[in-house]
Amino acid sequence: MNTIEITRPVARQDHFCEVCGPGIKQGDQYSRTVSVDGGDFSVFKCCLEPCLDVVNKCFRGGFYDRFVGGVTGDDAREWAHEHVGVGGLIDDPDALKLLQRLEQHNAQHTP
Ligand SMILES: [Zn+2]
């Protein structure tokens, strides 16, 4: 998979964030990465904070599937879970923010 374009547009409508779900609201700036694999294009959209920070930390730490060739939302969420509440270690602030956001979204969707 090759990344061919990374932009930070302002949302003209709400977008689904690959990492936290319904996180990108109209008017928010977000991260948009276009990749191509063979002839297939894919677009990865996520919030700048904390989602992109978590994605970047995964990437720098090599925490992703090399076959896929990039960090997925699943990778980012798994990484966050592994960097919060680990005995003796300080919680990663971006991981903590992401987990709090996921909890909020879950709470909103529970009737
Ligand atoms: Zn997000």
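The values are calculated or read from the model by the stated rules, or taken from the named source; none is laboratory data. Because the structure is predicted, anything quoted here is derived from the model rather than measured. Cβ sites come from the backbone with ideal geometry, for glycine too, and all protein chains shown count toward neighbours.
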Just one of (1) at pLDDT 95 or above; (2) within 15 Å of the chain's Cα centre (by Cα) trips up Arg12, so point out which. (2)
Output for Cβ contacts, cut-off 9 Å, separation at least six or different chains, first residue touching a residue at least 40 places away in the same chain (Cβ under 8 Å) in the stretch 22-47, second among the hydroxyl-bearing types (Ser, Thr, Tyr) and within 11 Å of the ligand (Cβ to nearest atom), reads Gly23/Tyr30
Among Val84, Val68, Val36, which is more than 12 Å from the ligand (Cβ to nearest atom) and surrounded by 17 or more Cβ atoms within 10 Å (Cβ to Cβ)? Val84
Got a sec? Which strands (runs of 3 or more DSSP E) wholly within the chain have at least 1 residues that are touching a helix residue (DSSP H, G or I) at 6+ places or on another chain (Cβ under 7 Å)? 15-17, 21-24, 30-37, 40-47
Residue check, Arg77 against (1) under 24 Å from Gln108 (Cα atoms); (2) at pLDDT below 95, all met but one. Which one? (2)
Which listed residue is touching a strand residue (DSSP E or B) at 6+ places or on another chain (Cβ under 6 Å), surrounded by 12 or more Cβ atoms within 10 Å (Cβ to Cβ) and hydrophobic (A, V, I, L, M, F, W, C), from Cys47, Cys58, Cys20: Cys47
